[in-house]
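Reading through the structure tokens given below for one structure.
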Amino acid sequence: QIQLVESGGGLVQAGGSLRLSCVASGRIYRIETMSWYRQPPGKQRELVASITSGGSTSYFDFLKDRFTISGDINGNTIYLEMTGLKPDDTAVYYCAAHGSTWPYPTNTDYWGPGTQVTVSS
């Protein structure tokens, strides 16, 4: 199993910034991709950004100018830098990992419990 724990969420005023962190632990064989997802109130979960073990990143098109994913998958830690936050960014933000555990190198999806981000008007 791979355990994921997010931190850094909270209440922020519109236009403010937050930095989310995610730490993976467990019997990790290899993590291929780590991602940030979010689920706004009353809406479905959506992808925010992803980073691969090789360092390649991808973003949801309308967020890439304000959100930045970074970190070291091999170090089991990623971050999400968020600037210019808007009320519509209010959501539970989830960390996800696509990887495998000892002793079987079969990739599986893992999810953290999420951290709440609330942006006030």
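Can you tally the net charge around Gln1? Count Lys and Arg as +1, Asp and Glu as -1, for every other residue whose Cβ sits under 13 Å from the Cβ of Gln1.
Values: positive: Arg27; negative: Asp109.
Net charge around Gln1: 0.
Tally the DSSP beta bridges in the chain and give the antiparallel ones as a percent, rounded to 5.
90
Sorted by mean Cβ packing within 10 Å, highest first, what order do the peptides 2-13, 93-104 take?
Values: 2-13: 15.8, 93-104: 17.9.
Result, highest mean Cβ count within 10 Å first: 93-104, 2-13.
Order the following by accessible area, largest value first: Phe67, Phe62. Probe radius 1.4 Å; ligands, DNA and RNA are ignored.
Details: Phe67 0, Phe62 155 Å².
Sorted by accessible area, descending: Phe62, Phe67.
What is the local net charge at Tyr79, summed over the other residues whose Cβ is closer than 12 Å to its Cβ (Lys, Arg +1; Asp, Glu -1)?
Residues near Tyr79 contribute -2 overall.
When the Karplus curve 6.51 cos²θ - 1.76 cosθ + 1.60 is applied with θ = phi - 60°, which whole-Hz ³J(HN,Hα) does each residue of the stretch 112-120 get, with x for Gly and Pro?
x, x, x, 9, 7, 10, 10, 10, 8
What are the extents of the Cα atoms of the chain along their three principal axes, listed from largest to smallest and rounded to whole Å?
If we take the Cα atoms of the chain, the spans are 49, 25, 22 Å.
The values are calculated or read from the model by the stated rules, or taken from the named source; none is laboratory data. Since this is a predicted model, take the numbers as computed values, not measurements. When we count neighbours, we look across all protein chains shown, and the Cβ atoms used for this are built from the backbone with ideal geometry, even at glycine. We work out accessible area using only protein heavy atoms, side chains counted, and drop any ligands, DNA or RNA first. Shrake-Rupley method; radii C 1.70, N 1.55, O 1.52, S 1.80 Å.
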